[in-house]
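Here's the structure, in structure tokens; my notes come after.
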Amino acid sequence: MQLKKISGKISIASCALLQVSSPLSQAGEWDVDSSFMYYSESDGRVAAFEPAVRAEIDLGDDELINFQVVVDSLTGATPNGAHKSTVVQTFTNPSGNGTYTVQPGELPLSETFKDTRVALTAEWDKPINRLSSILLGASLSSEIDYTSLGVSGTYERDFNNKNTTLAAGVALTFDTINPIGDVPMGLNPMRVGGSDQQRLESSDTKTSADIMFGVTQIVSRSTLVQINFSHGTSSGYHNDYNNVLPVLDPATNAPLTSAWLASDELPYLFEQRPDSRVKALIFLRRVHHLTKDVINLPSCFF
């Protein structure tokens, strides 16, 4: 399961954060800091532990190289996409071997949700001349069923006595998905544990490409504004193979009974998402420095 999906929840959750930083480094010296985060939901739901270590070396003349290592460890139960029902519901584990049941009135949760992700990132910020610089990046993320490799590059150029900065960037990501129990066929029924699951190949891929254009303007000694526009496309496997769609009896609003299903079928379909996506984002930010504090007002429009 792709662990980065939980990032939106973590941003609004109650969590504990501890960070230890070293003093600012001089040219040729390393600056290392570390942090960890703990996130937990009630009733045995998802719990996450994330330690991180970041190291940066100043090569002088504003040239920097930094590295970061993050480990995500998740355990607990998570919704599988099905709805509450007035009858007992039975589901097959992602591997296709075992099953689990959910009592009437309870939200279907898969207790097999656990994974560990290791993510490595590196960035090289290098000035080209007095007015321009380039930022190159690479990332590698690996977990039990998902591997992601990314590269990026951003060019920045100053104008107007360095009060205006224009930026342009591009990023490419190559993902490989290895679902436990092989890739489910979209809109194909979930089948009884231990039977022929009729899955597709053992893995699938997804490729993403993003471009960004932006401008940052210093308005005064205490205020700056920024606007970025990004456009991205992705193609390949977009499904969450752990999610299912319940097939309901219109008369009772409960999952279909066995009379409507084959002997080895359950009344749930694996989800099917489009194999391509296009996204556009406008990011606005205004930063104002007070006497001691800073007000940061970001806005995003999709």
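Things worth noting here:
- Taking segment 84-155 and the strands (runs of 3 or more DSSP E) fully enclosed by it, the elements with 3 or more residues that are closer than 22 Å to Leu256 by Cα and not hydrophobic (A, V, I, L, M, F, W, C) are at 89-92, 99-102.
- Going through (1) aromatic (Phe, Trp, Tyr); (2) modelled with pLDDT under 90; (3) closer than 18 Å to Leu200 by Cβ one by one, Trp260 falls short only on (3).
- Search result, residues across segment 161-176 that are part of a loop (DSSP other than H, G, I, E, B) and either of a type in the set (Val, Ile, Thr) or touching a residue at least 24 places away in the same chain (Cβ under 8 Å) (or both): Lys162, Asn163
- Restricting segment 41-57 to residues that are small (Gly, Ala, Ser) and in a strand (DSSP E or B), the residue that is farthest from Pro108 (Cα to Cα): Ala55
- Boolean, Leu256 is crowded, with 17+ Cβ neighbours inside 10 Å and without any contact (Cβ under 8 Å) to a residue 24 or more places away in the chain: yes
- In segment 58-74, the residues that are of a type outside the set (Gly, Ala, Ser) and either assigned to a loop (DSSP other than H, G, I, E, B) or surrounded by fewer than 17 Cβ atoms within 10 Å (Cβ to Cβ) (or both): Leu59, Asp61, Asp62, Glu63, Ile65, Phe67, Gln68, Val69, Val71
- The residue that is modelled with the highest pLDDT, counting only those in segment 12-31 that are more than 30 Å from Lys114 (Cβ to Cβ) and not in a loop (DSSP other than H, G, I, E, B), is Asp31.
- Going through (1) loosely packed, with under 15 Cβ neighbours inside 10 Å; (2) at pLDDT below 90 one by one, Gly105 falls short only on (2).
- Considering Arg221, Arg286, the condition of being over 30 Å from Ala82 (Cα atoms), in contact with a Leu (Cβ under 7 Å, 6 or more places away or on another chain) and not hydroxyl-bearing (Ser, Thr, Tyr) is satisfied by Arg286 alone.
- Number of the exception - Arg277 against (1) modelled with pLDDT under 95; (2) more than 30 Å from Phe159 (Cα to Cα); (3) in a strand (DSSP E or B): (1)
- Among the residues of segment 198-217, at least one is acidic (Asp, Glu) and within 30 Å of Asn160 (Cβ to Cβ).
The values are calculated or read from the model by the stated rules, or taken from the named source; none is laboratory data. Note that the coordinates shown come from a computational prediction; the quantities given were computed from them, not determined experimentally. No Cβ is skipped: glycine too gets one built from the backbone with ideal geometry, and neighbour counts run over all protein chains shown.
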